[in-house]
1. In the chain, what percent of the accessible surface is made up of carbon and sulfur (1.4 Å probe, ligands and nucleic acids excluded)?
2. How would the range 1-58 be classified by its alpha-carbon gyration tensor: rounded, prolate or oblate, with rounded meaning a/c under 1.5 and the a/b versus b/c comparison settling the rest?
3. From the alpha carbon gyration tensor of the range 50-170, can you work out the equivalent ellipsoid semi-axes (sqrt of 5 times each eigenvalue) and give them in Å, largest to smallest?
4. Could you run the Karplus curve 6.51 cos²θ - 1.76 cosθ + 1.60 with θ = phi - 60° over the range 118-125 and give me ³J(HN,Hα) per residue in whole Hz, x for Gly and Pro?
5. Sticking with the crude label model, points 7 Å out along Cα→Cβ, report the distance from E70 to N100 in nm, one decimal please.
6. Provide the FRET efficiency to the nearest 0.05 for the T139-K17 pair, computing r from the beta carbons and using R0 = 30 Å.
7. Can you give the three extents of the C-alpha atoms in the range 99-163 along their principal axes, from longest to shortest, in whole Å?
8. How much length would be gained if the chain were fully extended between I26 and M157, taking 0.36 nm per residue of separation minus their Cα-Cα distance, in nm to one decimal?
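The values are calculated or read from the model by the stated rules, or taken from the named source; none is laboratory data. Keep in mind it's a predicted model, so treat the numbers as computed, not measured. Counting neighbours? That spans all protein chains shown, and the Cβs are built from the backbone with ideal geometry, glycine included. The accessibility values were calculated without ligands, DNA or RNA, using every heavy atom of the protein model including side chains. Shrake-Rupley method; radii C 1.70, N 1.55, O 1.52, S 1.80 Å.
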Amino acid sequence: DVGGWTAFMWACHYGCKDVVQLHLDIPTQSLRIELNAINYNGWTAFSLVCGNGHKNDVQQLLNCPDRNIELNAREDEDGWIAFMIACYCGRKGVVQMLLNCPENNIELNARDLDGWTAFMIVCQHGHKAVVQLFLDHTTESNIELNATNGEGSTAFMLACLNGHKDGTPE
């Protein structure tokens, strides 16, 4: 459409599980469906489904490694990947799924254009339940809890700066 959205993107955006599956079931040779298309805002279908918290659709996409869906595509404006978008939105269920699927090579320590990681993003926004998921996965996922962004701030510093105690600003 005029915004660069494909039918597959709209299905992912609205969580239309059956329509998403229909797109995934179509043989790639018969129709040219671009599952990794990027709209004019720099978002892919995987970014949209993660940001909107549609766990069933996320699982469908993760279960299709043969379709070569780019799970770490970078959003144009900030350089965020879908994992970072799910963290920003506080999508606990989606973040849990992505943390638990190391075989899909999700870049858990990816950095945006300003050096921010997903862990920094959840700490800044006070998503306590998502922060706890990170802390629970630190050892097996090698998550860099003390990484610094381009301004030298750590996730802990960002949480303190924003007044987050128990997940809400004071």
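1. Carbon and sulfur: 50 percent of the exposed surface of the chain.
2. Since a/c reaches 1.5 but b/c is at least a/b, the shape of the range 1-58 is classed as oblate.
3. Equivalent ellipsoid semi-axes, largest first: 24, 15, 13 Å.
4. 4, 5, 4, 4, 5, 5, 4, 8
5. Each label point lies 7 Å from its Cα, and together they span 2.8 nm.
6. 0.35
7. 34, 25, 16
8. 42.4 nm
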